[in-house]
Amino acid sequence: MRQAKADKTSPSASCDESTTAWALAARGGDPDAADRFVRSLHRDVVRYVAYLSADPQAADDLAQDTFLRALGSLHRFEGRCSARAWLLSIARRAVIDSHRYAAARPRLCDTDDWTLLVERAQPTGLPGFDDGIALLDLLDTLPAERREAFVLTQLVGLPYAEAAEMSDCPVGTVRSRVARARATLTELLADAEAVVPADAVAA
């Protein structure tokens, strides 16, 4: 909690305060607050479920399922954590449930869909995305725990402490997973970029 207080001057913390206030007001029956709550977090939820599930085509359905679950559970939300962290924990369960019911279904990939998502949610500090590298494909190579930690902190922007609470592990573990994920992604990008000159010469 001390770390969260230290971050209150950041834009992310200010946004979290607003969305949490809207969630609490929506719990009290304010329809306008409910609409603001949904609209303010819709993009984060879509981005999170798209990368966590590794299926951008299912992102809208998973996001809708997440908000339906959240709105039905607002009466239990007490504001002990940010509304965003609470909502993303619901999104995480929605993704897990979707895997349980559709694990055998072949995954289809619409290039236009995932390209748009990648363009909207590129993390900072990783080279090579301007060269057309598909972040979704790279993230799919990571172990699930590292992928989730990376997505939560680097793409969605959740504080490490809240990501740790969602993942039920120490903050140090989340930091380690993110560092390892970043190292793996950087290595994969370097390998991919090294192949480009060879292909260009061959052409």
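Here are the numbers:
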{"quantity": "Only listed residue being more than 25 Å from Ala181 (Cα to Cα), assigned to a helix (DSSP H, G or I) and at pLDDT 70 or above, chosen from Asp61, Asp112", "calculated": "Asp61"}
{"quantity": "Candidates Arg120, Arg84, Arg182, Arg107 - the one that is surrounded by fewer than 21 Cβ atoms within 10 Å (Cβ to Cβ) and at pLDDT 85 or above", "calculated": "Arg182"}
{"quantity": "The lone exception for Arg180 - which of (1) of a type outside the set (Ser, Thr, Tyr); (2) outside any helix (DSSP H, G or I); (3) out of contact with any Asp or Glu (no Cβ under 9 Å at 6 or more places or on another chain) it fails", "calculated": "(2)"}
{"quantity": "Residues of the stretch 69-78 that turn out to be open to solvent by less than 50 Å² (accessible area, probe 1.4 Å), in contact with a Lys or Arg (Cβ under 9 Å, 6 or more places away or on another chain) and closer than 18 Å to Glu162 by Cβ, as a count", "calculated": "1"}
{"quantity": "Considering residues of the stretch 16-35 that are of a type outside the set (A, V, I, L, M) and under 23 Å from the mean Cα position of the chain (by Cα) only, the residue most open to solvent (accessible area, probe 1.4 Å)", "calculated": "Glu17"}
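Residues are listed down the side, and each one gets a yes or a no for (1) in contact with a strand residue (DSSP E or B) (Cβ under 9 Å, 6 or more places away or on another chain); (2) part of a loop (DSSP other than H, G, I, E, B); (3) free of Cβ contacts under 8 Å to residues at least 24 places away in the same chain:
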{"site": "Cys15", "(1), (2), (3)": "no, no, no"}
{"site": "Ser18", "(1), (2), (3)": "no, no, yes"}
{"site": "Ala23", "(1), (2), (3)": "no, no, no"}
{"site": "Asp35", "(1), (2), (3)": "no, no, yes"}
{"site": "Val38", "(1), (2), (3)": "no, no, no"}
{"site": "Asp44", "(1), (2), (3)": "no, no, no"}
{"site": "Phe67", "(1), (2), (3)": "no, no, no"}
{"site": "Ser73", "(1), (2), (3)": "no, no, yes"}
{"site": "Arg80", "(1), (2), (3)": "no, yes, yes"}
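The values are calculated or read from the model by the stated rules, or taken from the named source; none is laboratory data. Please read all numbers here as calculations on a predicted model, not as lab measurements. Virtual Cβ from ideal backbone geometry, glycine too; neighbours counted across all protein chains shown. To get the accessible areas, we keep the full protein, side chains included, count just its heavy atoms, and leave off ligands, DNA and RNA. Shrake-Rupley method; radii C 1.70, N 1.55, O 1.52, S 1.80 Å.
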